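Structure, as structure tokens:
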Amino acid sequence: MPRYTLPDGSMQEFAAPATVANIATAIGAGLARAAVAGRVDGCLVDLDTPVANDAAIEIVTPTSAEGLEILRHSTSHLMAHAVKELFPTAQVTIGPAVADGFYYDFDYERPFTPEDLTTIEARMEEIARRDLPVVRQVMGRDEAMAWFHSIGEHYKAEIIADIPADQTISLYRQGEFMDLCRGPHVPSTGRLKVFKLTRLAGAYWRGDSKNKMLQRIYGTAFPDKKALTAYLTLLEEAAKRDHRRLGKELDLFSIQDDAGGGLVLWHPMGARIRQTIEDQWKQAHREAGYEFLFTPHMANLDLWRTSGHLDFYRESMFNPMTVDEQAYQIRPMNCPFHILVFRSKIRSHRDLPMRWAELGTVYRYEMSGVLHGLFRVRGFTQDDAHIFCRESQIEEEISAILDLTLQTLRTFGFARFEINLSTRPEKSVGSDAIWEKATAALRGAITHHGLEYIEDAGGGAFYGPKIDVKITDAIGRKWQCSTIQLDFNLPERFDIGYIGEDGSRHRPIMIHRALMGSLERFFGILIEHYAGHFPLWLAPVQAVVLTITEAHNDWAVEVARRLRVAGLRVETDLRNQKVGYKIREHAMRKTPWLLIVGEREQAEGAVSPRDRHGKEFGLIPVEEMIQRMSQEIDARN
């Protein structure tokens, strides 16, 4: 009689081996209806999987992250099934679940259209109503490859060809459609009731621009209609905030083919914001005891060989160039240069900790198919820093870094964080003692700040544990920005050391740290977080002085001069246009303050301000307006 232990510690006994579905039914009919898969002794399996022996059983529903992923992956198969019924000559390639839904790539002789998406979605609903069983089958690798070739699915055969010959292949069949997949999947198409196809895109086969361009159909799926409606509303709001559209409308930046894909051109308005971000960053680092470095944009290839980047990061590096018959590499990282600065002289334990920061521009090769506005580029500036310290200083330094991280993110308007702690993987360098001490220091810094965290056991890099900080924007999306990473590897590779109190040579601990990640990506996040309505301290133009008639131009120029002397970013609009027209135009440009001047304002040395929300404040003396704006800027509200 098999005995099955449930997550709450209770037991279920059966006279004979039961399937996961049987166990779910025994627990409750509602759970059985919601179940999409099971976990047997920690392994995800289909609901029809028999469990022969005693085991720990968990029923997986779409309310969990893994259950939702199974629901969405199953829906991607439903979509591919519909496409094959409607467009029999289309070849299916890959169709994974992703963070907010799923996609599937197809090779078809003509472009899909929005009208096609409507038709495909209707066919998906029809197939779902058929309530077809979804059944797992197993084939040998060569048999599976031959079968997919025989039905004209050559991309699938190519995928299988990369799998070792001694491995069996799992496939899932629903009606006449069969797809290559590890699973698990929902038990029948009838479980897939709430979905929406969202958009079309292009994607190179296997993400390589040398390969054929395929057609990607994106979609999403949820357990209920309420969740889908909320998500679609979020998509509408996200589209309004798209940094690529707002970047063009507000003339902040551009990415042009003449310069090259993934290379950002900062326009004057965007450059003003960037300079403000950099000034804030530098001031915060000076106060936190950092020194600044400037290092080259390229180096001899041997530097990257010593650092290990040439072995482990080659695919993300541009090809080397030849200088004086030597190979030089444009930098993908800043850290080796900082190590060279440390190694340039003998260091004492009294010198540590050493905190060095750099706004260092790096270049990484990204395939053209994945480039995306400011979020995925080939040249970007990291707000990089490295701390060299003794083992005894780790916890104090980590705590200080976390202070600076949260302070910086809050300054830019983010108040909700998700903290992830990644610990030692199976393959790693460094002693057990240093890993335990380093991980405890990271954990201690998080708990000291009263923060909750998610532990990713074994998710650290081979050279050290790390903390990742995700921020939540104004519409609830999470963004990975900050990283605090301990490194036991590079100090060893470069053989750096310091003279300890005992007079002998010791190896320092190296901490890599970025607060914003990259200025380009962080700027894109800020644009979308604020929907282009930047707070006063960040706005590229903080005020515009508008004249009612040309007779007031001299006073408008004088007002602007006084504001500039006070350090404010101000412009004048002296055009011979109706003031209402000017107000509407500058409101569209999302200017925080519009300062209107006419005969009365000129006579009393004042302005009539109007804020970004259209609120009017009556007559205010210029100096009082300057004080009001300065206080708002200082408060970083």
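The values are calculated or read from the model by the stated rules, or taken from the named source; none is laboratory data. From a predicted model like this one, the values you see are computed outputs, not experimental measurements. Here Cβ is always computed from backbone atoms with ideal geometry, including for glycine, and neighbour counts include all displayed protein chains.
Quick one: in the stretch 618-637, of everything that is of a type in the set (S, T, N, Q) and loosely packed, with under 13 Cβ neighbours inside 10 Å, which residue is nearest to residue 604 (Cα to Cα)? Please lay out each step first, then the result.
The first filter runs over the stretch 618-637 and keeps only residues of a type in the set (S, T, N, Q), leaving 627, 630-631, 637.
Those still in the list that are loosely packed, with under 13 Cβ neighbours inside 10 Å too: 631, 637.
Values: 631: 23, 637: 30 Å.
By that ranking, first place goes to 631.
If we scan the stretch 222-245, do we find a residue that is in a strand (DSSP E or B) and hydrophobic (A, V, I, L, M, F, W, C)? Can you show your working first?
At the first step, the residues of the stretch 222-245 found to be in a strand (DSSP E or B) are none.
No, the conditions are met nowhere in the stretch 222-245.
Limited to the stretch 455-491, what total is found for residues that are in contact with a Phe, Trp or Tyr (Cβ under 9 Å, 6 or more places away or on another chain), of a type in the set (D, E, K, R) and surrounded by fewer than 21 Cβ atoms within 10 Å (Cβ to Cβ)?
Number of matching residues: 2.
Out of 259, 239, 227, report the one residue that is among the aliphatic types (A, V, I, L, M) and within 22 Å of residue 200 (Cβ to Cβ). Give the steps one after another, and end with the answer.
Values: 259 fails: within 22 Å of residue 200 (Cβ to Cβ); 227 fails: within 22 Å of residue 200 (Cβ to Cβ).
Only one candidate qualifies: 239.
Give the number of residues within the stretch 160-193 that are among the hydroxyl-bearing types (Ser, Thr, Tyr) and more than 22 Å from residue 39 (Cα to Cα).
0
Just a yes or no: is a residue in the stretch 523-530 of a type in the set (D, E, K, R) and assigned by TED's automatic domain parsing to the domain that holds residue 362? Can you show your working first?
The initial filter retains those residues of the stretch 523-530 that are of a type in the set (D, E, K, R), namely 528.
From what is left, the residues that are assigned by TED's automatic domain parsing to the domain that holds residue 362 are none.
No, the stretch 523-530 contains no residue that is of a type in the set (D, E, K, R) and assigned by TED's automatic domain parsing to the domain that holds residue 362.
When you go through 322, 361 one by one, which is the residue that is without any contact (Cβ under 8 Å) to a residue 60 or more places away in the chain and in contact with a Phe, Trp or Tyr (Cβ under 8 Å, 6 or more places away or on another chain)?
Numbers: 361 fails: without any contact (Cβ under 8 Å) to a residue 60 or more places away in the chain.
Among 322, 361, only 322 is without any contact (Cβ under 8 Å) to a residue 60 or more places away in the chain and in contact with a Phe, Trp or Tyr (Cβ under 8 Å, 6 or more places away or on another chain).
Among the residues of the stretch 405-423, write down those that are surrounded by fewer than 20 Cβ atoms within 10 Å (Cβ to Cβ), of a type outside the set (D, E, K, R) and within 18 Å of residue 276 (Cα to Cα).
407, 411, 413
List the residue pairs whose Cβ atoms are under 8 Å apart, where the first residue sits in the stretch 207-219 and is in a loop (DSSP other than H, G, I, E, B), the second is charged (D, E, K, R), and the two are 6 or more positions apart or on different chains.
212/107
Residues that are under 29 Å from the mean Cα position of the chain (by Cα), under 26 Å from residue 157 (Cβ atoms) and at pLDDT 95 or above: find the strands (runs of 3 or more DSSP E) completely inside the stretch 1-119 holding 1 or more of those.
Values: elements: 3-5, 11-13, 37-40, 43-45, 55-60, 101-107.
Of the strands (runs of 3 or more DSSP E) lying wholly inside the stretch 1-119, those with at least 1 residues that are under 29 Å from the mean Cα position of the chain (by Cα), under 26 Å from residue 157 (Cβ atoms) and at pLDDT 95 or above span 101-107.
Let's see how each residue does on (1) surrounded by 14 or more Cβ atoms within 10 Å (Cβ to Cβ); (2) touching a Pro at 6+ places or on another chain (Cβ under 8 Å); (3) over 30 Å from residue 43 (Cα atoms):
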position	(1), (2), (3)
88	no, no, yes
97	yes, no, no
101	yes, no, no
117	yes, no, yes
137	no, no, no
144	yes, no, no
159	yes, no, no
167	no, no, no
183	yes, no, no
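Looking at the stretch 252-288, which of its residues are among the acidic types (Asp, Glu) and surrounded by 14 or more Cβ atoms within 10 Å (Cβ to Cβ)?
Filtering the stretch 252-288 down to residues among the acidic types (Asp, Glu) leaves 257-258, 278-279, 287.
Within the stretch 252-288, just 278 meets the criteria.
Got a sec? Which of 436, 418, 452 is among the acidic types (Asp, Glu), free of Cβ contacts under 8 Å to residues at least 24 places away in the same chain and assigned by TED's automatic domain parsing to the domain that holds residue 391?
Working: 418 fails: free of Cβ contacts under 8 Å to residues at least 24 places away in the same chain; 452 fails: free of Cβ contacts under 8 Å to residues at least 24 places away in the same chain.
Within the list 436, 418, 452, the selection yields 436.
Of the residues in the stretch 221-232, how many are touching a helix residue (DSSP H, G or I) at 6+ places or on another chain (Cβ under 6 Å) and of a type outside the set (Gly, Ala, Ser)? Walk me through how you get there before you give the answer.
Filtering the stretch 221-232 for residues touching a helix residue (DSSP H, G or I) at 6+ places or on another chain (Cβ under 6 Å) gives 221-222.
Adding the requirement that they be of a type outside the set (Gly, Ala, Ser) leaves 222.
Count: 1.
Do any strands (runs of 3 or more DSSP E) lying entirely in the stretch 510-609 carry at least 3 residues that are among the small types (Gly, Ala, Ser) and surrounded by fewer than 20 Cβ atoms within 10 Å (Cβ to Cβ), and which ones are they? It would help to see each step written out before you state the result.
Values: elements: 543-547, 570-573, 593-597.
So the answer is none; nothing clears 3.
Of all the strands (runs of 3 or more DSSP E) wholly in the stretch 417-493, which have at least 3 residues that are within 17 Å of the chain's Cα centre (by Cα) and under 15 Å from residue 512 (Cα atoms)?
On the way: elements: 417-422, 453-456, 466-472, 478-487.
Here the list reads 466-472, 478-487.
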